[in-house]
1. Say each of residue 119 and residue 157 gets a label point 7 Å from the Cα, pointing the same way as Cα to Cβ; how far apart are those two points in nm?
2. For region 177-191, take each phi angle, set θ = phi - 60°, evaluate the Karplus expression 6.51 cos²θ - 1.76 cosθ + 1.60, and give the result in whole Hz per residue in order, putting x for glycine and proline.
3. For region 117-168, what is the convex hull volume of the alpha-carbon atoms per residue, in Å³?
4. Under a Cβ-Cβ cut-off of 9 Å, what is the net charge of the residues other than residue 125 that fall near it, where Lys and Arg count +1 and Asp and Glu count -1?
5. In whole Å, what three semi-axes, largest first, describe the equivalent ellipsoid of region 132-202 built from its Cα gyration tensor (square root of 5 times each eigenvalue)?
6. Between residue 171 and residue 354, what length in nm is gained on full extension when 0.36 nm per residue of separation is reduced by their alpha carbon distance?
7. So the label point goes 7 Å from the Cα of residue 300 along Cα→C-beta, right? Which residues of region 318-352 then have their backbone N under 18 Å from it?
8. Would you mind checking which residues have amide H under 5 Å from residue 256's amide H? H placed 1.01 Å from N; only 5 or more apart, or other chain.
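We did not get these values from a lab; they are worked out from the coordinates using the rules stated. Keep in mind the model is a prediction, meaning the values are calculated, not measured. Reconstructed Cβ throughout: ideal geometry from the backbone, glycine too, with neighbour counts over all protein chains shown.
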Amino acid sequence: MTESISHQPAPAAPIDLAPSDDLAPRDHSDDCGGRGARASAAEPLGTADLATEITAQLSTQLSKVRLYGFRRPAAPCHGARPAASVRHRAQESRTTDGPRPLPTLVAVAHGSRDPRAVHTVSALLDRIRAFRPDLPVRLGHIELNQPLLADTLAGLRGEAILVPLLFGRGYHVTHDLPAALAAAPHLTGRTATPLGPHTLLVEALHGRLLEAGFGDDAGFGDEPRTPAEYAAATGSRSRSGIGRTAVVLAAAGSRAARSADDIARTAQLLSARLGGIPVLPAFASAATPTVADAVRILTARGHDRIAVASCFTAPGRFASQCAADAPGIAAAPLGDHPALARLVLHRYDQVLFARTASDPDGTRAATVAV
């Protein structure tokens with residue numbers, strides 16, 4: 001897989017005081033608020049008139065100075081339609097018929113018979129809306145819960161970007177979501193990649209571990225530490241010199257090898273966030289090891305402080321099963337953690353601003369790899 005590339009904003013350009021091509025002297029008689037052409041260019045000016053003229057000309061030129069590469073807009077004439085704000089222009093693309101609304105963000109959850117699942121996912125969407133109030137956000141489930149994804153898409157028009165609330169490239173992401181878009185030909189639909197691996201996901205996992213008492217149990221704080229700092233703070237070394245603390249990263253599981261690779265990469269990133277504490281991925285179904293097997297593996301390696309991190313969006317059978325197999329601390333599902341909400345918006349934005357040589361206008365279905 002390819003790694004995500006963080007696009008940093010270009011440094012601000014210095015103030016450009018050089019006149020541009022359109023600053024050549026011209027007749028301002030038709031300009032809004034203009035002074036009009038003088039009756040005679042050779043008419044002598046008194047001291048007061050000369051000062052007034054210099055002030056007027058200087059103000060005209062300064063109003064067109066380019067700051068950080070952008071020309072200051074001229075004041076609108078009476079009755080002219082005000083220009084759209086920068087934020088408005090960034091959020092809407094214009095067509096000949098006027099502003100075109102943003103594509104709808106469709107968050108795609110798996111679905112669960114656990115009644116807490118819908119409420120948890122709804123809370124996540126509420127946080128997303130709070131972060132981006134102008135963005136249309138809808139929910140669709142692959143199965144088990146309403147609204148189903150097919151029903152959500154049937155009620156939409158225009159453009160939609162599907163963001164799976166899943167953490168690896170399993171069957172649902174690679175087959176079910178494209179099939180749902182194919183069954184909705186009235187939409188221009190695109191699909192984002194799953195939420196993992198990503199550093200924002202790791203921040204959410206780390207936050208839930210701390211909330212569960214992982215920091216209190218092992219002496220870990222909010223700030224990243226090196227393995228040596230962790231060992232010094234907790235005394236977490238056995239007689240054989242092996243660190244006692246470890247984490248199992250529990251995920252749903254898939255038969256797709258790429259999905260297991262994504263979870264393994266997330267485990268590596270979480271280990272780095274924890275200063276090198278071992279993190280072993282484990283699965284509730286379709287892949288190995290299970291959480292119980294992972295705990296036995298880590299115990300055999302000398303770890304007796306083992307916590308389970310929950311790589312699930314919401315409560316459900318798999319999340320509960322994994323938590324039950326934890327020998328100690330078990331973190332809650334990620335739910336409406338702020339970092340997860342920002343990650344959903346990040347995946348949406350990646351698709352929104354993606355432009356490829358094969359699809360320069362981004363008008364057809366596309367999956368953005370990171």
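1. Roughly 3.6 nm, to one decimal.
2. 5, x, 5, 5, 5, 5, 7, 10, x, 6, 9, 9, x, 9, 10
3. With only Cα atoms used, region 117-168 gives 99 Å³ per residue.
4. Its environment carries a net charge of +1.
5. For region 132-202, the ellipsoid semi-axes come out as 20, 15, 12 Å.
6. 63.5 nm
7. 327
8. 171
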